[in-house]
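Report on the structure given below.
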Amino acid sequence: MSKSTDISVLVVEDEDMIQEILCGFTQRLEGFDVVQVAGSCRLAQVVLEKEAVDLVLLDVYLPDGLGLDLLRWIRASNLDVDVILITADRRSETFEMVNRFGAIDYLIKPFRYERFCLAMEKYRSKKNKMEEAGFLDQSLIDQKLSDGQEVDGQVANVGNGFQNPTYDRIYGFLFNNSHMSYTSTEVANQLGISRITARRYLEMMEQAGEVVMSLDYGYVGRPRINIQL
């Protein structure tokens, strides 16, 4: 039985198998509850008009239209709901469009449970931070708007919206190995990136409150990285 504090999820997907996967993955995560499943844009609109939903897991291609149209309708209707796109559409123009309409993540089918879990946990973390803050101060606003930062010539996109692939790789690696601690050099070696790039991304994650960097006195001058979820 779901609790009133659970994050309510609407799955909008017309393929039965994918519906089952999304529902199963979501229900495995504590604190999330699938409240409805809709196989079309129109059915999703009916649900959203009647029920308070926190998060929509949205396919792009639906029998009666595009998920992008539903996303536009959600924004035009000023609904207080977030959206994660889950689709086989790899076109950059689709990604750019959903980004402009404020989707918080974009998962390409077929996706792994670990990547799905990462998207959901990051959404929960950011949602909780905003709710707990009540009133915003400049540092929290800067975290939310920090997607304009650049690292080695690449936009980092941290704190809001989509993540840069390097950011995702580093966070995903730490998330999947959260029982371990690493130096920035070890992270760089594991992922095949430069130590400077790894350190800069890790510092951004620390500023966003996603990781804790602490000094292990067994390695003087070499901070160890511990994930904080």
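The values are calculated or read from the model by the stated rules, or taken from the named source; none is laboratory data. Worth saying up front: this structure is predicted, and the values here are computed from it rather than measured. Ideal geometry is used to build each Cβ from the backbone, glycine not excepted, and the neighbour counts take in all protein chains shown. Areas reflect the complete protein model, heavy atoms only, side chains present, ligands, DNA and RNA absent. Shrake-Rupley method; radii C 1.70, N 1.55, O 1.52, S 1.80 Å.
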Exercise. Search the range 83-106 for residues being of a type in the set (D, E) and open to solvent by 50 Å² or more (accessible area, probe 1.4 Å), and hand back the single one that is nearest to the chain's Cα centre (by Cα).
Key: E96
Practice problem: Would you please list the contacts, defined by Cβ atoms under 7 Å and residues six or more apart or on different chains, that run from a residue in the range 61-75 that is closer than 12 Å to T94 by Cβ to a residue that is at pLDDT below 90 and of a type in the set (A, V, I, L, M)? | Solution: L68/M97; L68/V98; L71/V98; L71/A103
Exercise. Output the number of the condition that Y123 fails; it satisfies all remaining conditions of (1) closer than 25 Å to D6 by Cβ; (2) hydroxyl-bearing (S, T, Y); (3) modelled with pLDDT under 80.
Key: (3)
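Per-residue answers, yes or no, for (1) modelled with pLDDT of 60 or more; (2) within 15 Å of the chain's Cα centre (by Cα):
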site: I141; (1), (2): no, no
site: F162; (1), (2): no, yes
site: S178; (1), (2): yes, no
site: A188; (1), (2): yes, no
site: R199; (1), (2): yes, no
site: E210; (1), (2): yes, yes
site: I227; (1), (2): no, no
Practice problem: Would you be able to say whether some residue in the range 59-77 is among the hydrophobic types (A, V, I, L, M, F, W, C), open to solvent by less than 20 Å² (accessible area, probe 1.4 Å) and closer than 24 Å to F175 by Cα? | Solution: no
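Just to be sure, is T94 in contact (Cβ under 8 Å) with a residue 40 or more places away in the chain and among the hydroxyl-bearing types (S, T, Y)?
No: the conditions fail for T94.
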Exercise. Report the residue count in the range 20-58 for those that are open to solvent by 30 Å² or more (accessible area, probe 1.4 Å) and β-branched (V, I, T).
Key: 4
